[in-house]
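Asks: Sharing a structure below in structure tokens format, with a few things to ask.
Every read-out reported here was derived from the displayed coordinates using simple, explicitly stated rules and does not represent laboratory data. Remember, predicted model here, so these are calculated numbers, not experimental data. Counting neighbours? That spans all protein chains shown, and the Cβs are built from the backbone with ideal geometry, glycine included.
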């Protein structure tokens, strides 16, 4: 996938997400479910479980990447249940923890399976990229999602990058997208009650900004006369 194609995919992802949100809103209105999806009620409910709420959420995140479970629904749940601040904290820690667990599984337990899975793909050349650019290539693939998240975690386990560099680059690389989606999710239930709040508008703008990152990257690379990473 070239940079132009990856940029288009990165733009389509939030658009598809917003379409799904619109469908969900229509279903909720159609079946009159608004009373069950009030954000303060949901947050009070999860707060009633004390630390068990965040701990269970983190556990789900830790297991999701190794088990190939989709991360977006978990991210949205974090924003809805814990709000914009703690939602970002728990999601950032949990998603990075899950990505690290998948990395360790690939490095020490299922190297042959991962090598076979990525053979013949551009991920097979990931180790060469890591050798020349180190943690920067990890941060790049997190910030601009070219490859499937779960497969990328395993693929990095076969490279020579250190665990520390991988964890730091993964955490920082995913943070902008995490903030955008969690903040949006923390306010999306306002739509179900006929509110187009300031928080929801900010969430929309955040999603728009992260979708533009690939285009900005492409412009910078082109301006320097440098080829894209993949």
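Asks: For 20, 58, which order do you get if you count the other beta carbons within 10 Å of each Cβ and list the fewest first?
Replies: By the 10 Å Cβ count, ascending, the order reads 20, 58.
Asks: In whole angstrom, how far apart do the alpha carbon centroids of the range 174-207 and the range 60-94 sit?
Replies: Result: 15 Å between the Cα centres.
Asks: Using Cβ counts within 10 Å as a stand-in for footprinting exposure, how do 174, 206 rank, fewest first?
Replies: Details: 174 22, 206 19.
With the sparsest Cβ surroundings first, the list reads 206, 174.
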